[in-house]
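Asker: Below is a structure I'd like to ask you about.
The values are calculated or read from the model by the stated rules, or taken from the named source; none is laboratory data. Keep in mind that this is a model prediction, so the values were computed, not measured. Virtual Cβ from ideal backbone geometry, glycine too; neighbours counted across all protein chains shown.
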Amino acid sequence: MSPPFSLRSALPADAAALAALGERTFRDAFTDANDAHDMDAYVALAFGLPQQSAELGDSRVSCLLAESAEPSGRHAIGYALLREVADETPPCVAGERPIELARLYVDRAWHGRGVGEALMSAAVDAARARGARTLWLGVWEHNPRARAFYARWGFREVGEHAFVLGADRQRDLLLARPI
């Protein structure tokens, strides 16, 4: 029996679907713990159609899209976004040839169904294929679910940085692992 979802590389034509999915999953994960104005300001910049189009057109970015395999058609249910920006890698990420896992989000209805595991496995493979040897990411200090997920994948805390959500300056933990 095949899984109820599939993975593929996102294409420029997927920008609108990624914008909607990105905003929905980010709001699902963080709305309850944040100010509505800060949330609105952040998602307008981070998940708008122009931002998604720019990211999908950037040669330094790889985006993996998880889609449901439903009789009614395929729908975006999760994604992982890798970004090669060596000049923006924090100094505490000391591993060789780093690449950032900038986003990994799964639609709430699909939590616990293997989508996150499949996306992480594919992201590690994609990072390795790009020549990376270190995978790093930032995770909000108040997100225990994500922190536990990353720990299962061998990520270890290497530092911290500020994450600005609207006007709210928050603390992200920086995690890294060799690949």
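Asker: Can you pull out the residues in the range 1-48 that are more than 30 Å from E141 (Cβ to Cβ), assigned to a helix (DSSP H, G or I) and in contact with a helix residue (DSSP H, G or I) (Cβ under 8 Å, 6 or more places away or on another chain)?
Answerer: P12, D14, A15, A16, listed by residue number.
Asker: Can you give me the number of residues within the range 86-116 that are within 15 Å of the chain's Cα centre (by Cα) and in contact (Cβ under 8 Å) with a residue 12 or more places away in the chain? If you could, list the steps in order and put the result at the bottom.
Answerer: Going through the range 86-116, the residues within 15 Å of the chain's Cα centre (by Cα) turn out to be 99-108, 111, 115-116.
Restricting the remaining residues to those that are in contact (Cβ under 8 Å) with a residue 12 or more places away in the chain gives 99-108, 115-116.
Total meeting the criteria: 12.
Asker: Return the residues of the range 9-30 that are surrounded by 13 or more Cβ atoms within 10 Å (Cβ to Cβ) and of a type outside the set (G, A, S); say none if nothing qualifies. Walk me through it before giving the result.
Answerer: The first filter runs over the range 9-30 and keeps only residues surrounded by 13 or more Cβ atoms within 10 Å (Cβ to Cβ), leaving 10, 14-15, 17-30.
Matches in the range 9-30: D14, L18, L21, E23, R24, T25, F26, R27, D28, F30.
Asker: Quick one: which of R147, R74 is surrounded by 13 or more Cβ atoms within 10 Å (Cβ to Cβ), closer than 26 Å to A41 by Cβ and touching a strand residue (DSSP E or B) at 6+ places or on another chain (Cβ under 9 Å)? Spell out how you get there, then give the answer.
Answerer: On the way: R74 fails: closer than 26 Å to A41 by Cβ.
Checking each option against the conditions leaves just R147.
Asker: Identify the single condition in (1) surrounded by fewer than 16 Cβ atoms within 10 Å (Cβ to Cβ); (2) more than 16 Å from the chain's Cα centre (by Cα); (3) not aliphatic (A, V, I, L, M) that R60 does not satisfy, given that it satisfies every other one.
Answerer: (2)
Asker: Enumerate the pairs (first residue in the range 151-178 and without any contact (Cβ under 8 Å) to a residue 24 or more places away in the chain and over 20 Å from A132 (Cα atoms); second residue anywhere and among the aliphatic types (A, V, I, L, M) and surrounded by fewer than 17 Cβ atoms within 10 Å (Cβ to Cβ)) with beta-carbon separation below 6 Å, excluding pairs fewer than 6 apart on the same chain, so at least 6 apart or on different chains.
Answerer: R169/A162
Asker: If I filter the range 33-47 for residues that are within 20 Å of Q170 (Cα to Cα), more than 18 Å from the chain's Cα centre (by Cα) and free of Cβ contacts under 8 Å to residues at least 60 places away in the same chain, do I get at least one hit? Write out each step before concluding.
Answerer: Quick first cut of the range 33-47, residues within 20 Å of Q170 (Cα to Cα) only: 33-47.
Still in the list and also more than 18 Å from the chain's Cα centre (by Cα): 33-38, 40-41.
In the following step, the residues that additionally are free of Cβ contacts under 8 Å to residues at least 60 places away in the same chain were identified as 36.
Checking the range 33-47: at least one residue is within 20 Å of Q170 (Cα to Cα), more than 18 Å from the chain's Cα centre (by Cα) and free of Cβ contacts under 8 Å to residues at least 60 places away in the same chain.
Asker: Can you pull out every residue in the range 120-154 that is of a type in the set (A, V, I, L, M, F, W, C), over 12 Å from the mean Cα position of the chain (by Cα) and farther than 12 Å from E100 by Cα?
Answerer: Result: A122, A129, W140, A148, F149, A151, W153.
Asker: Which one of A66, A80 is more than 20 Å from V139 (Cα to Cα), surrounded by 20 or more Cβ atoms within 10 Å (Cβ to Cβ) and either modelled with pLDDT under 95 or touching a helix residue (DSSP H, G or I) at 6+ places or on another chain (Cβ under 8 Å) (or both)?
Answerer: On the way: A80 fails: more than 20 Å from V139 (Cα to Cα).
Answer to the check: A66.
Asker: Identify, please: which residue in the range 124-141 is in contact (Cβ under 8 Å) with a residue 24 or more places away in the chain and charged (D, E, K, R) and is, among those, nearest to R171 (Cα to Cα)?
Answerer: Looking only at the range 124-141, we keep the residues that are in contact (Cβ under 8 Å) with a residue 24 or more places away in the chain, and these are 124, 126-128, 130-141.
Checking the rest, the ones that are also charged (D, E, K, R) come to 128, 130, 133, 141.
Values: R128: 28, R130: 29, R133: 26, E141: 6 Å.
For the range 124-141, the residue satisfying everything is E141.
Asker: Being touching a helix residue (DSSP H, G or I) at 6+ places or on another chain (Cβ under 6 Å) and charged (D, E, K, R) is true for just one of R103, R145, R108. Which residue is that? Please lay out each step first, then the result.
Answerer: Working: R103 fails: touching a helix residue (DSSP H, G or I) at 6+ places or on another chain (Cβ under 6 Å); R145 fails: touching a helix residue (DSSP H, G or I) at 6+ places or on another chain (Cβ under 6 Å).
Answer to the check: R108.
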